[in-house]
Each structure stands twice: as structure tokens, then as C-alpha cells.
Number of protein chains: 2
Amino acid sequence: MQRIHFNEVVTRDGFQNEAAFIPTDAKVALIDALSQCGYAKIEVTSFTSPKAIPMLRDAEAVMGRIQRVPGVEYTVLVPNQRGAERALEARADELNLVMSTSETHNLANLRMPREQSFAGLAAVIDQVAGSVPVNVSLSTCFGCPMEGEVAQDEVLRWADRFASRGVRGLTVCDTTGMAHPVQVERLCRALRERFDGVQLTLHFHNTRGMGLANVLAAARVGIDRFDGSLGGLGGCPYAPGASGNISSEDALHMLQAMGHETGIDLDRVLAAARALPQIVGHDVPGQLAKAGRITDLHPAPATVARLREALA
Amino acid sequence: MQRIHFNEVVTRDGFQNEAAFIPTDAKVALIDALSQCGYAKIEVTSFTSPKAIPMLRDAEAVMGRIQRVPGVEYTVLVPNQRGAERALEARADELNLVMSTSETHNLANLRMPREQSFAGLAAVIDQVAGSVPVNVSLSTCFGCPMEGEVAQDEVLRWADRFASRGVRGLTVCDTTGMAHPVQVERLCRALRERFDGVQLTLHFHNTRGMGLANVLAAARVGIDRFDGSLGGLGGCPYAPGASGNISSEDALHMLQAMGHETGIDLDRVLAAARALPQIVGHDVPGQLAKAGRITDLHPAPATVARLREALA
């Protein structure tokens, strides 16, 4: 079983979808707790315009106040060159750039055509070359909620354009939970064949309940890096009421049960997951915090002892 | 991709875990709707003592009033010879017998040792021989919430004892959602090797989010029969707040997306799933009814049209 590297995205991707502002103190405390868990990367925040994403308007403060733990990479989302400057000033370990493989989704989400996004991100890559590694997150790789199917060749084409620019990693995102296992296997195989030297990360949502099945499918064809969001926080504006990102604790629990080395202290992750509803003010979709691990046993009811006695 | 046969257990396994009595009319109407969906089997009810399971005290009335559709097997749970008599009188197409592979779970759930359960069920098998096919559901095959691990050999031993008695089918149940994909593959392979002529059905719960991953794992080693519960109804007294059975609509949606022929009209299943919260009086865990199918597209926001115009 291959070693799995797991990234936590709750304070960026998860919180970004929350309605009520989460205080800086709570963000810092959560990230400090997550830093003790053994994650490969923590996506701390986003250096976007505070007007565009008010939830993450405290990006500098959060980056300045977290206690960094050696071995964990603190990555940040960066939309443009101004964001990259801010991220470098804040000593981010990695910049995570983002664009969609679907034209309509890119127009809806980033308000520009994909070619314009690519040019902007290419400029960022050139700008930071040699200072910090760059990851590019490609949205809607398994389908666009407005366009529908996104051809695998289209995904590979954008991946190739960024790989040619020397990015360290590519994150292949199922932005609205449209992936199914057969599609995941097919795309992951193609990615692994073509981008041997590139860190490949898979980012799944559980919108239609297939999140962990897709993790399984990807791991079975050799993918060893995954994003997850504590508690399954996140979500999708096109599926109100549905789950968001895969829950980190649920995914890690499955991977560990299967025998994968993850480097994760699941007890600490679970403790953080159990504290999450209080931070966000509502129940979260993750199941493990409610159900407990498969190794958490329960006492037999008193009737069993009485029966055993009667039978002895 | 192999043809998948899917069984619906919501009106028995699902409803049995509901607190408030569901009127006979509502049960009959739901089963009649499910009969139009293309399920292989519908587990209608249980011929248990009305005192033990008040929810299913109307077993005869439900069986008498449903409109049977040719091609669908109407199966019922039967705990003992008295239940078998009632089931035969009600013209059940199949008797589903049940015991646990874990001694503690059997004592807790059926209030007798496994050997006593086996003797009782063997008597039922002899009693109905030649009249209707018999299926045996083995509980806790992937772990017992009180004992922990259930050895694979123990599961195979009980399966073998029933197979030797000439039962048509065996349902291998992950009663409290303790299975993980590696374990599923291992046990399913062993079962398929040993019980070639027996209908093998896998019954998963989604207690820890792994339900559809386990379906995937089982399907990948050739299992072609699954139980599911509409809306993911069901549940586990040892994990309050956690999900219950795998959701039929979520599982079927995944299997169809992967290219499996299921014989199921998913639109009808979804319509039934969307009506379910009103029947049970609360939200249900199934995701697809909220999120829609992966092929259900959404209109792009108005900003996209304006952007396209400006760019033209």
C-alpha cells in the first residue's frame, strides 16, 4: 500500500463557503491544532481581494500568527500577481493558483476567459520562479455544473500547459462532485502516464455520496495525494443542502483502515473535527466524528450478560 | 460491466429504525411506487412479533394490499417457524432469515446463542423446502460493534453451514458500517470462490462514509447484488446521528454512471426518495435527492452572458 500524503483545506475551501465570519483567533487556533496532525499541506487562506471573499480578509493576520510546524507546508490560494506578492510577504510555503477547465465555469467563477486566466497565472509562475513552489488547481476536471461533460483531453491540455511552465504540482478538482470511479481511474491513469515528475493531487467533493469511492478509485491507480476538508465542510452553490468536500477524517479513516501509511494522527484530526460545529455554528457532514472509528467498540447491553449467565 | 441486481430494503430495514409509526397506507403506496422502479427484490416487511417490532405489526395487511409487479420478488424477513408460516400465508416470494456471525451481537439482537439461531433457521429451511426460496442474511460479517473483529473464517463457516442446507442466497451484511474496501474485496473474493451457485448479496451501511466505496470494491471483484435503502434510511443504535444503510439512489446513480446495467429507472427512484422525508417526518441522509444527478445541469449566472457579450 502506497504512502498517502493528505492536505487539509478546511480553513480556505471550507470556510470560504461559510456565511458567518469566523474570527481570526478561531482560524489560527484551528490551524495550530491541524498542524499537529501530520498533514502534508495545510491550505491556510487565500490572498484574494477582501471584497471578493470577506471571510478570508484576514489572510495576512492568520499567516502571521499561526505556529508553523516543520514538515507541514503552509500553502495559500493566489488569484493573481498582487496576491502572489502578498503571499510571498506572508512567507507562504507554496502558492496554489486556480482556474477552470470549463470556459463557462471560469467565466462564472473568475470572471474572465480561460486564456486570460492562463496568461495571468503564467505571469505569476514567472514572477515567483525560484522563490516558492507553485501548484495549479484545475477546477471542474470531472464535469462542469453548467456545461456538463469536460473532455479528458481538455483537462490534459490545461495540465500540460501548466506542467510545461514548470509548476511543481497539479491538483485535479472535482469541484461540484460530478466524478464517478470509472472516470476517475481513466483520468488518473492518463495523468500519471503524462506527468511523471509532477505532484498530482486529487480533490474530490462528496456532493452525490461518491467522494470516498473516488478516493478509492484514484488510490487504486497510484494517486497518493489527496485534499480533504475537516468535517466535509465546503460545498457547492449548485447543490444546496448537499455535502461539500470529502471529509478529511472520513477519508483518512478509510485509507488507514485499508492499510495505507498516512503520517496522520487520526485522534487529533477527530478532536478537531468534533470541535468544528462550534466554530462554524452548525452541524457538519463528516460521519466519523459522530460514528466513531471502526475500532471504537461499544459495551454489550445488560441483557447479554444476563443471557450468558442463564446459559452457563 | 456486469449487470447489477439491486434490492430495496427501506420499508423493512429502513422503517424498522424509525421512531414514529408509519401508516399502512403510506407503506403500501411507497412499495407500489418502488415496484415500478426495476428493483430485483423489495424487502417488504418482517413477520416478527408485533410486540418486538411495532412498526411492522401490519405485515399481513401490507403484503395483502401491495400491487405486485411481475419480475420483482417480494421478500420478507422471517425470524422463526411461526414467522415462516405467516410469510407463506401472505405469499412472500422469498423468505429472508437472519442471524449474526458474532455471538455477542446475536445474543444482543436475537437473544439467543448462534447455535440456537442456526437450529431454528435450519428448521425453517426444512419447513419451507420446495415452496419458496430462502435467503439467509448474516449480520456483522465485517465486524461487531461490541466484539470488534469477526474473523473471515467465522463468516465463511456460517455461510457454508447455510449453503450446505440448500439456501438460494446469502446476504453478507455490514450491519454497523465497519467494513472497509480491502476487507470487502478479501471476503467477497473468498465468498465467490466457495459459493459459486449461491446468490451472493452485499448489504452495506454508510455509517462512516465508506458505503459506496465498499460497493465499488465488491463490484470490482464480481459481486452483482446489493441491498440499499431509499434515502439511506436505517441506521445503527450504536452510532446516533450517523448514516444508516447505503442510500439506494446514491448507489444506483454511481453504478449507472460507471456503466453498469441495473434495470432501474432512476427517475422513479429519485421521485420516491424526494417524497420520503414527508413520510418519515425528517430529513434523510441520501445525497442525490438534494444534489441531483451528475447530468442535471444548471444555468450559468447572468454575469456569464454579460461577460461573453462584452468579450465578443
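What follows draws every value from the coordinates through simple rules; no lab data is involved. Everything quoted here is computed from the prediction, not taken from an experiment. Here Cβ is always computed from backbone atoms with ideal geometry, including for glycine, and neighbour counts include all displayed protein chains.
Quick one: compute the contact order of chain B, relative version, from alpha carbon pairs under 8 angstrom and 6+ residues apart, as a percent. Working shown, then result.
Working: 602 pairs, mean separation 57.4, N = 312.
About 18 percent, as a whole number.
Mean projection of the alpha-carbon convex hull of the range A:89-148 over all orientations, in nm²?
Mean orientational projected area (the range A:89-148, Cα hull): 4.5 nm².
To the nearest 20 debye, what is the magnitude of the charge dipole of chain A about its Cα centre, counting +1 on the Cβ of each Lys and Arg and -1 on the Cβ of each Asp and Glu?
Values: 30 positive and 35 negative charges, 30 e Å.
With only Lys, Arg, Asp and Glu charged at Cβ, the dipole is about 140 debye.
For the range A:2-49, go through all pairs of different Cα atoms, get the mean of 1/r, take its inverse, and jot down that Kirkwood value in Å.
After inverting the mean inverse Cα-Cα distance, the result is 11.7 Å.
Residue by residue, what Karplus-based ³J(HN,Hα) values in Hz, rounded to whole numbers, does the range B:71-77 have, using 6.51, -1.76 and 1.60 with θ = phi - 60° and x for Gly and Pro?
Using θ = phi - 60°, the values come out as x, 9, 9, 9, 9, 9, 7 Hz.
Which residue, A:A251, A:A26, A:A289, has the most motion in a Gaussian network model of chain A that connects Cα atoms within less than 10 Å?
A:A26
Neighbouring Cβ atoms within 10 Å as the yardstick, rank A:T101, B:T24 fewest first.
Final ranking by Cβ density, sparse to dense: B:T24, A:T101.
Using the alpha carbons of the range A:163-260, what is the convex hull volume per residue in cubic angstrom, as a whole number?
Convex hull of Cα atoms, per residue: 99 Å³.
Going 7 Å from Cα along the Cα-Cβ axis for the label, what nanometre distances separate B:D160 from the same residue across the other copies?
Ordered by distance, the counterparts are at 5.5 nm.
So if a site counts as exposed when it's one of the GluC sites (Glu not before Pro), its DSSP state isn't H, G, I, E or B, and it has at most 15 other Cβ atoms within 10 Å, what's the longest stretch of chain B without one? Write out the running numbers ahead of the final one.
Values: sites that count: B:E149, B:E261.
Result for the longest clean stretch: B:1-148.
Once you have the Cα-Cα distance between B:Q36 and B:E261, take 0.36 nm times their residue separation minus that, and quote the gain in nm to one decimal.
Numbers: separation 225, 0.36 × 225 = 81.00 nm, distance 1.67 nm.
Result for the pair: 79.3 nm of gain on full extension.
At 7 Å along the Cα-to-beta-carbon direction for both B:E115 and B:R268, put a label point, then send me their distance in nm to one decimal.
Output for this residue pair reads 4.8 nm.
Please list the non-local residues whose amide H lies under 5 Å from the amide H of B:R225, H modeled 1.01 Å from N, same-chain partners needing a gap of 5 or more.
B:H5, B:L202
So what's the projected area for the range B:17-117, the Cα convex hull averaged over all directions, in nm²?
If I average the Cα hull's projected area over directions, I get 6.9 nm².
Once the mean 1/r over all distinct Cα pairs of the protein assembly as shown is inverted, what Kirkwood radius in angstroms do you read off?
Over the protein assembly as shown, the inverse of the mean reciprocal pair distance is 25.5 Å.
Just grab the label-to-label distance for A:E149 and B:R65, each label 7 Å out from Cα along the Cβ direction, in nm (one decimal).
It works out to 4.6 nm between the two label points.
Project the alpha carbons of the range B:147-202 onto their principal axes and report the range along each, largest first, in whole Å.
Over the range B:147-202, Cα extents along the principal axes are 29, 21, 17 Å.
From the label point of B:G148, set 7 Å from Cα along Cα→Cβ, how far away are the matching label points in the other copies, in nm, ordered shortest to longest?
Distances between equivalent label points, in nm: 5.3.
Out of B:V124, B:V132, B:V44, any idea which swings most in a Gaussian network model of chain B, alpha carbons joined below 10 Å?
Of B:V124, B:V132, B:V44, the most mobile in the Gaussian network model is B:V132.
With a Förster radius of 41 Å, plug the Cβ-Cβ distance of B:R165 and A:R168 into 1/(1 + (r/R0)^6) and report the FRET value to the nearest 0.05.
0.10
Please report how far the C-alpha centroid of the range A:295-309 lies from that of the range B:23-80, rounded to the nearest whole angstrom.
Centre-to-centre distance over Cα atoms comes out at 32 Å.
Once amide H atoms are built 1.01 Å from N in the peptide plane, which residues 5 or more positions from A:T171, or in another chain, come under 5 Å H to H?
A:V136, A:S137, A:L138, A:T201
Between chain B and chain A, with a rotation axis joining them, whose C-beta in B is nearest that axis, and what is the whole-Å distance?
Per the Cβ-to-axis criterion, the result reads B:A213, 2.
Taking R0 as 41 Å, what FRET efficiency do you get between A:R189 and B:T303 from their Cβ-Cβ distance, rounded to the nearest 0.05?
After rounding, the FRET efficiency stands at 0.65.
Give the whole-number value, in cubic angstrom per residue, of the convex hull volume spanned by the C-alpha atoms of the range B:74-190.
99 Å³
Just to check I understand the Karplus step: with θ = phi - 60° and J = 6.51 cos²θ - 1.76 cosθ + 1.60, what whole-Hz values come out for the range A:110-115, glycine and proline as x?
Computed from phi, the couplings for the range A:110-115 are 10, 6, 7, x, 4, 4 Hz.
If the elastic network links every pair of Cα atoms under 10 Å, which of B:L200, B:L95, B:L297 fluctuates the most in the Gaussian network model of chain B?
Highest fluctuation of the listed residues: B:L297.
What distance in nm separates the simple spin-label points at A:R293 and B:A29, each placed 7 Å from Cα in the Cβ direction?
Computed distance between label sites A:R293 and B:A29 equals 4.7 nm.
For every helix of n ≥ 4 consecutive DSSP H residues, a contribution of -39,500 (n - 2.57) applies; sum these over chain B, divide by its total residues, and give [θ] at 222 nm rounded to the nearest 500 deg cm²/dmol.
Calculated at 222 nm, the ellipticity per residue is -12000 deg cm²/dmol.
Can you compute the charge dipole magnitude of the range B:178-312 about its Cα centre, using +1 on each Lys and Arg Cβ and -1 on each Asp and Glu Cβ, nothing else charged? Give it in debye, rounded to the nearest 20.
280 debye
Can you list the residues, at least 5 places off or on another chain, whose amide H is less than 5 Å from the amide H of B:H298, using H built in the peptide plane?
It is A:M146, by chain and number.
How far is helix B:302-311 tilted off the main Cα axis of chain B, in degrees rounded to 10, range 0 to 90?
Long axis of B:302-311 versus the principal axis of chain B: about 40 degrees.
Please report, for B:D25, the nm distances (one decimal) from its label point, 7 Å out from Cα along the beta-carbon direction, to the equivalent points in the remaining copies, shortest first.
Distances to the matching label points in the other copies: 5.6 nm.
Go through the range A:217-233 residue by residue and turn each phi into a ³J(HN,Hα) via Karplus (6.51, -1.76, 1.60, θ = phi - 60°); whole Hz please, and just put x for glycine and proline.
My calculation for the range A:217-233 gives 4, 5, 4, 5, 10, x, 5, 10, 10, 9, 8, x, 10, 3, x, x, 5 Hz in order.
If you place +1 on the Cβ of every Lys and Arg and -1 on the Cβ of every Asp and Glu, how big does the dipole about the Cα centre of the protein assembly as shown come out, in debye to the nearest 20? If you can, show how the numbers build up before the last one.
Details: 60 positive and 70 negative charges, 19 e Å.
With Lys and Arg at +1 and Asp and Glu at -1, about 100 debye.
Find the eigenvalues of the gyration tensor of the Cα atoms of the range B:5-311, then list the square roots of 5 times those eigenvalues as equivalent ellipsoid semi-axes, largest first, in whole angstrom.
Listed largest to smallest, the semi-axes of the range B:5-311 are 33, 23, 18 Å.
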